[in-house]
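Before any comments, here is the structure.
Only the coordinates and a few stated rules stand behind these numbers; no lab work does. This is a predicted model, so every value here is computed, not measured. Cβ placement follows ideal geometry from the backbone for every residue including glycine, while neighbour counts extend to all protein chains displayed.
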Amino acid sequence: MRLAFADPPYLGCAHLYPEHPDAARWNDPAEHGMLMAQIDRDYDGWACSLSSPSLALLLPLAPSGVRVAAWVKPFAAYKRNVRIAYTWEPVLFRPGRDSSKDGASVGRDHLSEPIQLRAGLTGAKPPAFCRWILDLLGYIDGDTVDDLFPGTGVMGLVERQGTLAVNP
């Protein structure tokens, strides 16, 4: 099964990626909509990370039938003069497998895991987050996962571990 994970620069956050000259295109909601349409067409299952402020804008652009999962961050960076902290991020996903009969693990549509600190890249995801994404998608050994925005490469490392490290 072909699966994909997309973690593009979040809507309105291109300024956090000055090293990427094409980052500004991700400030346009239509780019996110086109990305979701493309991965929905080209993959059996997929997941796409968003920021919570962008969910209301981007969910209507998502293909019908996608689900929303929540990464809850018990430790997160607080922003100056922001009274209510941004401590969760939505993930839109379409499972490649909806059933566990083929060996896909049974999981949850939420994860509580701290942010990744000092990973060398803004928005780097922790390994437990990547394992959770694989579980959302119904990943089993032998599937392929294309990390469309590989950043630190942690998704590939977690995928290579296979189904040995499964979230309960």
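Around the Cα centre of the chain, unit charges on the Cβ atoms of Lys, Arg, Asp and Glu (plus for the first two, minus for the last two) sum to a dipole of about 640 debye.
Of all beta bridges that DSSP places with both ends in segment 2-164, some 50 percent have antiparallel geometry. You can think of it this way: the chain between L16 and S99 has 26.1 nm of extra reach, that is 0.36 nm per residue less the Cα-Cα gap. On a 0 to 90° scale, report how tilted helix 29-42 is relative to the longest principal axis of the chain, with both axes built from alpha carbons and the result rounded to the nearest 10. In the chain, helix 29-42 runs at an angle near 10 degrees to the longest axis. As a proxy for reagent exposure, ranking S100, S51 by other Cβ atoms within 10 Å from fewest up yields S100, S51. The chymotrypsin sites (Phe, Trp or Tyr not before Pro) of segment 54-145 that DSSP puts in a loop, and whose beta carbon has at most 15 other beta carbons within 10 Å, are F75, Y78, Y86.
The ranking of L58, L136 by Cβ neighbour count inside 10 Å, starting from the fewest, reads L58, L136. Close amide H partners of W88, meaning residues 5 or more places away or on another chain with modelled amide H under 5 Å apart, are K73. Label positions at R2 and Q38, each projected 7 Å from the Cα along the C-beta direction, are separated by 1.3 nm.
Residues whose amide H comes within less than 5 Å of that of D147, counting only those at least five positions distant or on another chain, are F5 (H built at 1.01 Å from N in the peptide plane). Across the chain, the longest piece that holds none of the trypsin sites (Lys or Arg not before Pro) lying in DSSP loops with up to 16 other C-beta atoms within 10 Å covers 1-78. Projecting the Cα atoms of P63, P18, G138 onto the charge dipole of segment 2-164, computed from C-beta unit charges around the Cα centre, puts P18 farthest toward the positive end.
With θ set to phi - 60° and the Karplus curve 6.51 cos²θ - 1.76 cosθ + 1.60, what are the ³J(HN,Hα) couplings of segment 83-97 in order, to the nearest whole Hz, using x for Gly and Pro? Result, rounded to whole Hz: 6, 9, 5, 8, 10, 8, 9, x, 10, 8, 8, 10, x, x, 10. Shown for T87, T144: other C-beta atoms within 10 Å of each C-beta, ranked fewest to most, produce the order T144, T87.
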